[in-house]
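To start, the structure under review is shown below, and the notes come after it.
Every number in this text was worked out from the coordinates using simple rules, so none of it is lab data. These numbers were taken from a predicted model, which means no experiment stands behind them. Ideal geometry is used to build each Cβ from the backbone, glycine not excepted, and the neighbour counts take in all protein chains shown.
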């Protein structure tokens, strides 16, 4: 309540260790995150590969699925890098072949010409990703103080 106006209502629970959630709030959160994810991929692609925008325009003109194409382009960017993908995009636009399979083919040809092994896609679990985070070291002297405090409390 704010003054005489009801702002929100929710369940009350006085127990411990329970999580009470409103399904409508969860659905709104999932929708907002999904929308943010879709907005992030095209920006990333456009910054990494300028030819991505005309390629996607060709995809749309040919009635292709922009969502799956954008997702596929993101995967190709991760696997092959921006330089190789940009070159393949320019060739696909020139050939008027706005298809992911065409890009795969062009990237495979480029890779064979460079005598490079095929890129390996890594699928890391959340635990592996968490283990790769950087932790800033700090002074360990505070732990010495803990040891001394425990010694003082023992009978």
With label points set 7 Å from each Cα along the Cα-to-Cβ direction at residue 139 and residue 104, the distance between them in nm comes to 5.8 nm
Expressed in nanometres to one decimal, the distance between label points 7 Å along Cα→Cβ at residue 2 and residue 48 is 4.3 nm
So, with points 7 Å from each Cα along the Cβ direction, the residue 30-residue 65 label distance in nm works out to 2.0 nm
On each of the three principal axes the extent of the alpha-carbon atoms of the range 24-104, given in whole Å and largest first, is 48, 27, 18
